[in-house]
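Beneath this line is the structure, given in structure tokens, with notes to follow.
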Amino acid sequence: MGNKWRKAKLALGLNLCVYVPRTLDDSAAPSSERLSDAALLSPKNWDSRPMTPTPSSHGLRFVRSGSKSSKQTCSICLTKMKQGDGHAIFTAECSHSFHFHCISSNVKHGNQLCPVCRAKWKEIPFLAPTLDPLPGRASVGWPQTDALMTMVHRLPPLPRRDLNRRHLLSLLQAPEPSVFDDDESLDLQPASSERSSGIKNVAGHNPAKTVEIKTYPEVSAASCSNSYDNFTVLVHIKAASTVTRLNPRGNQAILPQPSQTPRAPVDLVTVLDISGSMAGTKLALLKRAMGFVIQNLGSNDRLSVIAFSSTARRLFPLRRMSDTGRQHALQAVNSLVANGGTNIAEGLRKGAKVMEDRREKNPVASIILLSDGQDTYTVSGNGGNQSQPNYQLLLPLSIHGGDNAGFQIPVHTFGFGADHDASSMHSISEISGGTFSFIETEAVIQDAFAQCIGGLLSVVVQELQVGVECMHPSVHLGALKAGSYPSRVMADARSGFIDVGDLYADEERDFLVSVNVPAESSRNQTSLLKVRCAYRDPLTNEMATLESEEIKLERPEISGEAIVSIEVDRQRNRFQAAEAMSLARTTAERGDLAGAASILENCRMLLSETVSAKFHDRLCIALDAELKEMQERMASRHVYEASGRAYILSGLSSHSWQRATARGDSTDGSSLVQSYQTPSMTEMLARSQATLLGSPSTQRLVQPSWSFGSQPKPRNEESEKIGMARKHRASNQSWLK
């Protein structure tokens, strides 16, 4: 028995624990226990099947070749190491051995951890740059492992003695193509459901009615004898609603029926971290979240999955999520194994390559990146001579676009846990035009993904550009407050533009335009601005334009007390809060946490004196709650490093793009921090939470710290304390106690 346990431990250490088909000896097992790996991810089986390989999981086998000594097998390329075979062998301090070329390629970017046991090395193998890679040998091991597992799923039942090393290595010889132009062809046949693609003429669809423009001057009237240098006009843009309510399927509450409204299909690439730190519950919940994404994509949506650790591997090309496509995608995701380092740049490079090389394109394209660690290959940390890492190195040129204006492929990033590099994930999303979400607790990873795809699956406006033009000859533009959206004022200060890009159904954008208002002697009104919108309709691929009415200001000789528009005041508060968050974050990074907390407290005091606060405006209340939460997460350096930085950056991302992000309990129905959620996001969140509630295995795996219902739960002080303690236990945030 002891010898068997030694072999089992060695197999796990080499990461050779894989799913294999039933052998002939297993044929007597009950058929009811036989579920494919795709079925393991199917929602109807979530309550009874394990999601990650464990020694007790049905169908788990140890590959025989894994029982040999690690000194005889290179754990990176999975081939034998023999003295005198022409290849140098490196034995590390932790006693694990590798081909010298394999391990030198693995550590050449600064990774100093053993790929097997994660021990930190003091002596590092170095390979001179003049040496060429050995022909036919991969530089790291996990891609071969995943390729092996994917291929093993397709093998027919074999006697176990035939599944030896020679057969396994033969499965590792299929390299990735140099050009990713093997994407599945689009289905150009129009469909009546929300999964339609390539629609040219949609009955009853009018592109001119997709966008609504409203404008609000700071005050409705101003004395004609006075001039004003910084008069504010609010420009409000709202996308049309295309979402209908979801109905439950029979008596089942876990999977509502999808909307029947036609929508633009999506090309989605998910770039997933499967480094060693993702092992265990993290990887299990990531697989389940990806299963939810796969199940909710339409038949004309296409998905490709990139998994990365020390290097990156494309699991499958862009594939339509038909029944067959879903089956293959679920199998590939279920085969993932956690091991190795964290090479975010390589994962993004391969994800961008999928988008660049595709032969056909769906109207909407996006990349989702999830990681729980820090890139140790491309960007060095904050130590040493480099005070501020250049995070742009993590993004290929095709994503950040260099000097090109606008964003073509947004990367929505998800930082998982307390150890991820929030600064790099936020920078990646900002540069590409995506959002950054902070997944603080493992329980909310699926909800975070659900909120994101709820938006991506409801894009109704693309390439939106907002233009403002001065109407009165003496009126000139000042500043354009547009957050992270690129904006510019022309040299004559008579016109300006804001590049907005995509809008989800029911999404709103608010921009503050500053103008000067001249004194008038003989006019009852002053014409200030006119707003124009130009955009592309993703369903018809037609360009459309829309103009607002002229914004006019009443100019009486004597005006009474000016009443500030609550709409303008509300947006001023949002910009003021975002500026306070940014300044507080900069102050905290310098080590002055008390000063950072003071900045947030002062902003809260200013908000409490505004017009919006007097009317108990919901956005004002939410901003105050968010600022208070940020203050508490600056209680100590430990708390700030564990969650404060990520929480603030996720909030900044949300406010700068005016788009919902996941942070803290923002996906909870009773949370105040729910800014910018659209009905389509809320519907997808409801589906996710209903699915989780319907899965006893999920409840056994992680206990949620809040009610998943769409209505706020009854207030109970004791249960709230317990829930808060559970929610922050992973980050050791003692300040909540």
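The values are calculated or read from the model by the stated rules, or taken from the named source; none is laboratory data. None of the values given here were measured: they were computed from a predicted structure. When we count neighbours, we look across all protein chains shown, and the Cβ atoms used for this are built from the backbone with ideal geometry, even at glycine. These area figures cover heavy atoms from the full protein model, side chains too; ligands, DNA and RNA do not enter into them. Shrake-Rupley method; radii C 1.70, N 1.55, O 1.52, S 1.80 Å.
Quick notes
- Region 342-371 and region 210-226 have their alpha-carbon centroids 43 Å apart.
- Protection proxy ranking, peptides 637-646, 456-465, 524-533, 605-614, average beta carbon neighbours within 10 Å, highest first: 456-465, 637-646, 524-533, 605-614
- Cα gyration tensor, region 272-388 - rounded (a/c under 1.5), prolate or oblate: oblate
- Set K80/K353; K530/K628; K238/K530; K481/K552; K214/K614 screened for pairs whose C-alpha atoms are more than 27 Å apart: K80/K353; K530/K628
- In this structure, the amide hydrogen of F414, modeled 1.01 Å from its nitrogen in the peptide plane, lies closer than 5 angstrom to those of L369, L370, S371, S437, counting only residues at least 5 positions away or on a different chain.
- 1.4 Å probe accessible area per residue over region 442-583, in Å²: 40 Å²
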